[in-house]
Amino acid sequence: MGVSWLAATLSASPLMISLIQVASSIPALLFSYPAGVVSDHADRRKLLIWIQAFLFIVVLILALLTQLNLLDIHTLIFFTFLIGIGSALTTPVWQAITPEVVSKGRLKEAIALNGVNFNLARAVGPALGGILLVFGGIKSIFLFNAVSFLALVAGLYWWKNTLSKFQPIHFNKTAQEGLKAVRKSKPFLHLLIRSVSFTGFVSVIFAFLPHLSKYEWHQNSGQYTWLWVSLGMGAMAGSYVYGIVNQAMSAVKIVFFSCLLVASCIFLLTVTQDFYLLNSIMFLAGIGWINATSTLNVLAQQNSPSELKGRFLAVYVTVFQGSIALSSMVWGGLSQIFTTIMIMKIAGVSMAVFSAVLLLVPMEEPGMIHEDAVACTDPLIQYQLK
């Protein structure tokens, strides 16, 4: 919330604002897979502690620079990139530790609680960010975020995990072994195609929403906050819907209709400036978002072998985040030619057409998930605008 609104305040350029999304996601292309390789041969608890400590320092410096009025759009992009590095390193490790946190008999309950908790945060987080923004300024958001990393460090420190007997890591050999296994897994490759088809288009919302809110819809920070609250509330409702449709529809159909819903929302955001209608559209987008990502995440977990889980999930995160980063770069480049409204229309129509074409591409259904495969109902994306 703080980074996105600050970016829109520092620059009116859709390209520069979209680069915030690029800077947040591009580190996944560089660091997620190496982090996954290391996580399969290291103490994941210690890795996470060091990464959260790094994020604490970065966000604390960001808060200090904000207080001293030393930030410009380029410096903000750089610090967003540093935060993106922390997220890229955290995500594959975090996904892989879930079987270590709860017993096998409690995995289903833990999965459900994890999904509810994450989507609750998607609704409460922007609301809290908006309150801090109004009463304490942007620096207060950064300070609060820094403290939250310390709380996570404390939780990880008190959690005493049971260490496996890790063999010495030969990085190149281990990395190549994981990539070779991914290339041989047709179900996993089909999943990656679906992931790119979704994230490549939905990224236009993340790339342009700050610009649309401030310069197209002429909203204030409070109204901008409500757009993200509505998305989070839609994700919460979508989690409940997912539990129903997952029993009645195939994975292919869930992803297709979710993409179709998000595509319609992207287009509808261009035809109104009414505050209540915009929030209703964002609510529906949240439903489509969580249903698509939930299905994709279940398939990612199901098709990740236990001994290669960190590496497989790292590949998934790399493709997921990398697609967002590269497509955001494309949308930002197009903003030099077209208006943001026109780009949103193009993205909405293209997403609907592409999703229909992908019905011809096979995708394996999630059958019985192995006991050691944890399905995360939360999106793996670690975007700062949550």
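What follows draws every value from the coordinates through simple rules; no lab data is involved. Since the structure is predicted, the reported quantities are computational estimates derived from the model, not experimental observations. Cβ placement follows ideal geometry from the backbone for every residue including glycine, while neighbour counts extend to all protein chains displayed.
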(message) Under 17 Å from a point placed 7 Å out from the Cα of Met342 along the Cα-to-Cβ direction: which residues of the range 216-240 have their backbone N that close?
(response) 216
(message) Rounded to whole Å, give me the distance from the Cα center of the range 1-35 to that of the range 308-355.
(response) 13
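If you stretched the chain out fully between Ser250 and Phe135, how much longer would it get, using 0.36 nm times the residue separation minus the C-alpha to C-alpha distance? It would help to have the intermediate numbers written out before the result.
Details: separation 115, 0.36 × 115 = 41.40 nm, distance 4.68 nm.
Going from the current span to full extension adds 36.7 nm.
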(request) State the dimensionless ratio Rg/Rh of the range 201-294 (Rg: radius of gyration of Cα atoms; Rh: Kirkwood radius). (result) 1.00
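If we count chymotrypsin sites (Phe, Trp or Tyr not before Pro) as exposed when they sit in a DSSP loop and have at most 16 other beta carbons within 10 Å, what is the longest stretch of the chain that avoids them all?
167-337
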(message) With n ≥ 4 as the cut-off for DSSP H runs, can you work out [θ] at 222 nm for the chain, using -39500 (n - 2.57) per run divided by the number of residues, rounded to the nearest 500?
(response) -26500 deg cm²/dmol
(request) May I ask you to evaluate 6.51 cos²θ - 1.76 cosθ + 1.60, the Karplus curve with θ = phi - 60°, for each residue of the range 304-319 and list the ³J(HN,Hα) values in order in whole Hz, giving x for glycine and proline? (result) 9, x, 3, 6, 10, 4, x, 6, 4, 5, 5, 4, 4, 4, 4, 5
(message) So if each residue of separation counts as 0.36 nm, and I subtract the Cα-Cα distance between Ile193 and Ser280, what length gain in nm does that give?
(response) 28.4 nm
(request) Grab the beta carbon distance between Asp43 and Lys104, set R0 = 22 Å, and tell me the FRET efficiency rounded to 0.05. (result) 0.55
